[in-house]
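The values are calculated or read from the model by the stated rules, or taken from the named source; none is laboratory data. Please read all numbers here as calculations on a predicted model, not as lab measurements. Here Cβ is always computed from backbone atoms with ideal geometry, including for glycine, and neighbour counts include all displayed protein chains.
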């Protein structure tokens, strides 16, 4: 095996390749530190601690399958250097192992690799390696327990820059453009910590020998290659790629954008894994069941069954039994009381759904006030639907006037619901970031489970967590977006279903004319709200006050919308009052209030329809 020690000439590579090299270095580190072959799920778990939760099984599988120093044996991943020729000298194989790693290695880890290769106890090799590191001729010590070959150190036998570059095989294009950046960062033997700022300023991988040369150039007399290399390598923020080059934290942050792209690469599984997975559907035993549940319960939020299938069982999309295996994982989790299914393939620890999602906000409750005149007669009447005038018996079924706690019984879900729905944002829902499910056809959202966790893609591209509660009949979680909408009542948008747990919001600054309320009118209604609370106004009184403002008449939808800004009122109560009083009458499709008929009071012909 050839050494992986870096070239000292700059290489032009795209950032996707650099991301692969960065992750390759982390994968190799995981396998070195483990000291033994690992299953994919074990590599993923350890990688997550190094690179973050965005590193999933699919991405790690790509890196493992394409890394030239890694191979698969017995459904586990291991290092090719563990199969070196034991007939070669120990020194040769030490250089091969360190060269393949491309960076200093802890003596304990290197001793374990030698034990794996030769079969002798690691303690024997640890003693030998400590002695070699302290000798300083073929190897040098890095920190308290690290070791690296002296071949990685800068040769400084001459004083002249050109001679040192020639001895170290450094090309002009790899060094000269970096001199101003090194000087600006203050890189020197006395300031090895400046290597991080220097690497960030360069913005691409740099050979550690080039870094040493630039530090030597700043202070030839004070430069000690082994001391400087060890100090610079150990600086927090220095990362090593698979080819041994160094990058700073700014580059690492930039490379993370390419992780999802790498994860989509097609790679072939080793033949033995492919054959076994293709022919054997997944069987989940008690141990695996407990492992799945523990993974969910240990999480801070949502866990997807696909990720568990990949990480625990190493079953990837494209496997012949993938769909069947995914259902098996989901069934196990759905049956366990410690786990909560929140729709799609999403699972959470039991008890982690936010409390506000489990109840109807107080602002949406409909109070049951009973008001009477001085003679004790009720001021508000509730009629059977047969007693409603005009088209009110039909208009009360309009989804625009239905709302949470005031909606028709939910019908059977449509087996083929529409994929797009137009939604109107009512005033009180805008204050809470909620929407009533009665605006959506049955089946637009899954009817199981009771509480769904979904992802909404907002007009600006932001992705937000939105909850759907089939029991409270509310959707929660849009408050931040609602606050950006300038319309207080009647704003509309369309919601497109892309998957049972993913929806896209399309907003064009439009409104529903019958439900739009201007800012000035909102202020007038809020003043009426204060008066209604102070004076104990009945719904009948509130309706009269609103209809006096609309002398030419008002549609039922508009009347209902304005009344509900003042007070939450059931639509049937408003429709009943319109039908039960002589002072209200229908003209040209709009309801009109005639104050002259106020004294006529209740229409006695409606008595037979009264609901007591």
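Which is in a helix (DSSP H, G or I) and surrounded by 18 or more Cβ atoms within 10 Å (Cβ to Cβ), of 363, 326?
326
Can you tell me which residues in segment 200-245 are in a loop (DSSP other than H, G, I, E, B), more than 38 Å from the chain's Cα centre (by Cα) and touching a residue at least 12 places away in the same chain (Cβ under 8 Å)?
The answer is 219, 220, 222, 223, 224.
Determine which member of the set 495, 437, 432 is in contact with a helix residue (DSSP H, G or I) (Cβ under 9 Å, 6 or more places away or on another chain) and either in contact (Cβ under 8 Å) with a residue 12 or more places away in the chain or outside the structural domain of residue 576 (by TED's automatic domain parsing) (or both).
Exactly one residue qualifies, and that residue is 432.
Taking residue 219 and the conditions (1) farther than 23 Å from residue 96 by Cβ; (2) in contact with a strand residue (DSSP E or B) (Cβ under 6 Å, 6 or more places away or on another chain); (3) crowded, with 19+ Cβ neighbours inside 10 Å, which numbered condition does it fall short on, given that it satisfies the others?
(3)
Tell me which of these residue 123 doesn't satisfy, since it passes every other one: (1) in contact (Cβ under 8 Å) with a residue 12 or more places away in the chain; (2) more than 24 Å from residue 27 (Cα to Cα); (3) out of contact with any helix residue (DSSP H, G or I) (no Cβ under 8 Å at 6 or more places or on another chain).
Result: residue 123 fails condition (3) only.
Just wondering, is there one or more residues in segment 46-60 that are buried (at least 21 other Cβ atoms within 10 Å of the Cβ), touching a strand residue (DSSP E or B) at 6+ places or on another chain (Cβ under 8 Å) and either modelled with pLDDT of 85 or more or in the same structural domain as residue 110 (by TED's automatic domain parsing) (or both)?
no
Is it true that some residue in segment 396-416 is in contact with a helix residue (DSSP H, G or I) (Cβ under 8 Å, 6 or more places away or on another chain) and more than 22 Å from residue 568 (Cβ to Cβ)?
No, there is no match, as no residue in segment 396-416 is in contact with a helix residue (DSSP H, G or I) (Cβ under 8 Å, 6 or more places away or on another chain) and more than 22 Å from residue 568 (Cβ to Cβ).
Do any helices (runs of 4 or more DSSP H) lying entirely in segment 464-549 carry at least 3 residues that are buried (at least 16 other Cβ atoms within 10 Å of the Cβ), and which ones are they?
Filter on segment 464-549 gives 519-535, 539-549.
Is it the case, given these coordinates, that residue 149 is modelled with pLDDT of 95 or more, in contact with a strand residue (DSSP E or B) (Cβ under 6 Å, 6 or more places away or on another chain) and closer than 30 Å to residue 130 by Cβ?
It is true that residue 149 is modelled with pLDDT of 95 or more, in contact with a strand residue (DSSP E or B) (Cβ under 6 Å, 6 or more places away or on another chain) and closer than 30 Å to residue 130 by Cβ.
Being touching a strand residue (DSSP E or B) at 6+ places or on another chain (Cβ under 6 Å) and either in the same structural domain as residue 68 (by TED's automatic domain parsing) or modelled with pLDDT under 95 (or both): is that true of residue 260 here?
No: the conditions fail for residue 260.
This table checks each residue for (1) modelled with pLDDT of 95 or more; (2) assigned by TED's automatic domain parsing to the domain that holds residue 446; (3) more than 25 Å from the chain's Cα centre (by Cα); (4) more than 27 Å from residue 43 (Cα to Cα).
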| position | (1), (2), (3), (4) |
| --- | --- |
| 302 | yes, no, no, no |
| 314 | no, no, no, no |
| 321 | no, no, yes, no |
| 347 | yes, no, no, no |
| 363 | yes, no, yes, yes |
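Inspect segment 374-382 for any residue being surrounded by fewer than 17 Cβ atoms within 10 Å (Cβ to Cβ) and either assigned to a helix (DSSP H, G or I) or in the same structural domain as residue 40 (by TED's automatic domain parsing) (or both) and give the result as yes or no.
There is no residue in segment 374-382 that is surrounded by fewer than 17 Cβ atoms within 10 Å (Cβ to Cβ) and either assigned to a helix (DSSP H, G or I) or in the same structural domain as residue 40 (by TED's automatic domain parsing) (or both).
Would you mind listing the helices (runs of 4 or more DSSP H) fully within segment 85-172 where at least 3 residues are assigned by TED's automatic domain parsing to the domain that holds residue 69, surrounded by fewer than 22 Cβ atoms within 10 Å (Cβ to Cβ) and over 46 Å from the mean Cα position of the chain (by Cα)?
Fully inside segment 85-172 and qualifying: 90-101, 122-135.
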